[in-house]
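Q: Dumping the structure here so I can ask a few things about it.
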């Protein structure tokens, strides 16, 4: 009898270990409810203020059975006059995210053209994203830090920013996407674009034909790309509506990519510069990116 009493606690312990090791997988309802999205802040030294961003985590991210898994990341950039919350609030982004096991970060870019301003030392959107935000995400979340698991895309001003980051930091991104991209941003001045936009661009990029303009001109970067540099570039996804005022500039950029034999995918579809178009195209970008992003 004494032996039996001693054996019972051991038996219960073994059964509990087996039960915990055989934790049933989450149900469909649990998974559907497990997508987490929320607003976070980064106390940026480069920007001299707290910078908000929006994060969506994958549907299995919070389950203990997935606690060691690292996930790919997609960074989404907004357009001029927009903000970090545009993507989750004005598209079906959260619904689309349920189909993919990615961390999705919607970035705050102000009206800064994702470029370090030459006139304001606290407006360094390029350096902030590359040197502060991406490391912050990789520190706080279970992120797959390989280049093959990192993507970036954006609309209008953000389309320009995403392609520029892909061209300037090819070691960081496996795919870069642009929807209705304002791809000639670095060529705009108050002379050829009178008004507030031209004036603000001059303040960010500097004088016409300056070194800073050339360093941020994606047309110039592509023209100067050597065959060796081209081999290192991410895959580019570009689309633009046929009724969009930026349609021709997108066509011109595609012609340059073809001339330089840079791998890319281009769509021109009926549509204009609006959220209905961007909602449909971010969904399509997810599908294309899923073929490039390492699982």
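Q: Which of the strands (runs of 3 or more DSSP E) contained wholly in segment 1-94 include at least 2 residues that are in contact with a strand residue (DSSP E or B) (Cβ under 6 Å, 6 or more places away or on another chain) and modelled with pLDDT under 95?
A: So the answer is 36-44.
Q: Determine if segment 126-141 includes at least one residue that is assigned to a loop (DSSP other than H, G, I, E, B), surrounded by fewer than 21 Cβ atoms within 10 Å (Cβ to Cβ) and out of contact with any helix residue (DSSP H, G or I) (no Cβ under 7 Å at 6 or more places or on another chain).
A: Yes, segment 126-141 has at least one match.
Q: Among the residues of segment 245-295, how many are assigned to a loop (DSSP other than H, G, I, E, B) and more than 14 Å from residue 159 (Cα to Cα)?
A: 12
Q: Say we look at segment 154-171 and pick out the residues that are out of contact with any strand residue (DSSP E or B) (no Cβ under 6 Å at 6 or more places or on another chain) and free of Cβ contacts under 8 Å to residues at least 60 places away in the same chain; which of these is surrounded by the most Cβ atoms within 10 Å (Cβ to Cβ)?
A: Within segment 154-171, the match that is surrounded by the most Cβ atoms within 10 Å (Cβ to Cβ) is 160.
Q: Next question, about the same structure. Restricting to segment 160-196, give me the number of residues that are in contact with a helix residue (DSSP H, G or I) (Cβ under 6 Å, 6 or more places away or on another chain) and part of a helix (DSSP H, G or I).
A: 6
Q: Let me ask something additional. Among the residues of segment 172-197, write down those that are free of Cβ contacts under 8 Å to residues at least 12 places away in the same chain and surrounded by 15 or more Cβ atoms within 10 Å (Cβ to Cβ).
A: Result: 193, single match.
The values are calculated or read from the model by the stated rules, or taken from the named source; none is laboratory data. This one's a predicted model, so the numbers in the text were calculated from it and none came from an experiment. Every residue, glycine among them, receives a Cβ derived from its backbone with ideal geometry; neighbour counts consider all protein chains shown.
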